[in-house]
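The values are calculated or read from the model by the stated rules, or taken from the named source; none is laboratory data. Every value quoted in this text rests on a predicted model; they were computed, and no experiment measured them. When we count neighbours, we look across all protein chains shown, and the Cβ atoms used for this are built from the backbone with ideal geometry, even at glycine.
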Amino acid sequence: MSEIVGFVGMSHSPFATMTPPSGPGEPGGAFVADAARVATAVQALAPDAVVVVGPDHFHGNFYDVMPPFVLGVEEVVAFGDFGTTAGPLPVASALAWSVRDGLAASGFDVSLSYSLTVDHGVVQGYEMATGGTTVPLVPLVVNTAGPPLPDLRRCVALGRALGAAIRGSADAGRVLVVASGGLSHWLPPNDPRDPAVVGARRESVIHGRRDVHAVAAAREPRVRAMGGDPGARVNAAWDAWFLDRLAAGDAGAVAALGDAALEEQAGSGGHEVRAWLIGQVAVGRPLVWTSYEPVPEWITGMGIGTTFPVG
């Protein structure tokens with residue numbers, strides 16, 4: 001039987017790797033320093049594997065086929081977007097198959113990938129929480145970018161099933177669960193039904209798989225142009241509420257908001273907190289340590305939460 005040794009929830013942002021802070025007083029400096037403290041604490045936990053729950057930003061999944069959940073079981077390759085690590089990542093395949101079987105037994109027929117591409121939505125949190133890319137991972141990609149999205153309550157139920165599947169794995173070992181996403185941030189729409197998503201942009205979210213690197217190259221300058229504005233919208237009050245709810249072990253209160261209220265308070269990018277709900281419920285323990293820095297220059301409220309002490 002596997003043992004779950006803890007949970008780390010961590011915001012991600014392209015600007016954390018594109019425009020990293022030069023010191024603690026720079027935007028994002030507190031977040032980066034606290035992420036390093038978390039990595040030190042994780043090293044002391046000595047996990048044998050990491051289950052990483054996070055989104056994709058139209059680098060691996062497109063509207064030609066948009067699955068709500070995808071589990072990588074064999075080959076996992078980091079796309080390398082926005083300065084994040086690129087190339088093959090180590091995979092805990094035996095644990096991944098145990099997770100798949102356990103989820104299926106609980107009524108979750110997640111999509112399966114023998115060759116999964118993950119972007120900064122998975123890689124940045126994995127890398128920051130573990131201090132590198134050497135601990136074998138099991139990636140669970142959650143659709144948070146392309147409506148219709150998996151129901152928030154369904155994500156909570158998936159978290160329960162995920163925790164049971166990890167603990168029931170015959171691949172005995174120490175497992176850390178990492179969730180990457182959020183907190184509040186406002187992004188341009190991606191829904192092909194939206195009248196604002198037209199022309200080349202609509203084509204890219206539906207057919208981007210045909211030439212994913214060209215699509216990514218066209219997107220990156222637009223993303224870069226969004227950064228650096230100290231007046232960009234971040235809802236620090238909502239972010240504090242969210243962290244407080246997980247510190248109380250009350251993921252249900254977040255799920256009860258529903259999509260419309262969540263997006264109103266935390267923006268379209270706030271849908272990424274689905275990853276936190278899944279991961280924290282899987283571990284089944286409240287947050288005992290949190291860190292938060294609103295970084296409008298990165299267009300995101302940058303939060304961290306763990307179920308274990310951080311020195």
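Of everything in segment 125-148 that's out of contact with any helix residue (DSSP H, G or I) (no Cβ under 6 Å at 6 or more places or on another chain), buried (at least 17 other Cβ atoms within 10 Å of the Cβ) and closer than 27 Å to P192 by Cβ, which residue is modelled with the lowest pLDDT?
Per the stated criteria, the residue is G146.
Residues checked against (1) hydroxyl-bearing (S, T, Y); (2) over 18 Å from the mean Cα position of the chain (by Cα):
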| position | (1), (2) |
| --- | --- |
| E74 | no, yes |
| D81 | no, no |
| S93 | yes, yes |
| A105 | no, yes |
| F108 | no, yes |
| V122 | no, no |
| G131 | no, no |
| P136 | no, no |
| L140 | no, no |
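Looking only at segment 82-113, which residues are over 21 Å from L176 (Cβ atoms) and out of contact with any helix residue (DSSP H, G or I) (no Cβ under 7 Å at 6 or more places or on another chain)?
Passing the criteria: A86, G87, A104, A105, G107, D109, S111, S113.
Which residue is nearest to A256 (Cα to Cα), if the candidates are limited to segment 209-244 and must be surrounded by fewer than 16 Cβ atoms within 10 Å (Cβ to Cβ) and touching a residue at least 60 places away in the same chain (Cβ under 8 Å)?
Selected residue: A236.
Which pairs have Cβ atoms under 9 Å, sit 6 or more apart or on different chains, and link a residue in segment 300-311 that is farther than 16 Å from V273 by Cβ and modelled with pLDDT under 95 to one that is surrounded by fewer than 24 Cβ atoms within 10 Å (Cβ to Cβ) and charged (D, E, K, R)?
From segment 300-311, the pairs are G311/R37.
Which of the residues that make up segment 92-123 are surrounded by 14 or more Cβ atoms within 10 Å (Cβ to Cβ), among the charged types (D, E, K, R) and outside any helix (DSSP H, G or I)?
D119
Collect the residues in segment 23-43 that are more than 10 Å from T130 (Cα to Cα), of a type outside the set (F, W, Y) and touching a helix residue (DSSP H, G or I) at 6+ places or on another chain (Cβ under 8 Å), keeping them in residue-number order.
Residues satisfying the conditions are G23, P24, P27, G28, V32.
Restricting to segment 128-149, give me the number of residues that are more than 17 Å from V52 (Cβ to Cβ) and either touching a strand residue (DSSP E or B) at 6+ places or on another chain (Cβ under 9 Å) or outside any loop (DSSP other than H, G, I, E, B) (or both).
Selection size over segment 128-149: 2.
Are there any pairs, at least 6 apart or on different chains, whose C-beta atoms fall under 7 Å, with the first in segment 74-90 and under 13 Å from D56 (Cβ atoms) and the second among the acidic types (D, E), and if so, which?
F79/D119; D81/D119
Quick one: would you say T290 is surrounded by fewer than 21 Cβ atoms within 10 Å (Cβ to Cβ), at negative phi and not aromatic (F, W, Y)?
Considered against the rule, which asks whether it is surrounded by fewer than 21 Cβ atoms within 10 Å (Cβ to Cβ), at negative phi and not aromatic (F, W, Y), T290 comes out as yes.
When only residues in segment 257-311 that are within 13 Å of the chain's Cα centre (by Cα) and among the aliphatic types (A, V, I, L, M) count, which is farthest from L246 (Cα to Cα)?
Checked segment 257-311; the qualifying residue farthest from L246 (Cα to Cα) is M302.
I need a count of the residues in segment 293-311 that are in a loop (DSSP other than H, G, I, E, B) and either surrounded by 24 or more Cβ atoms within 10 Å (Cβ to Cβ) or touching a Leu at 6+ places or on another chain (Cβ under 9 Å) (or both).
3
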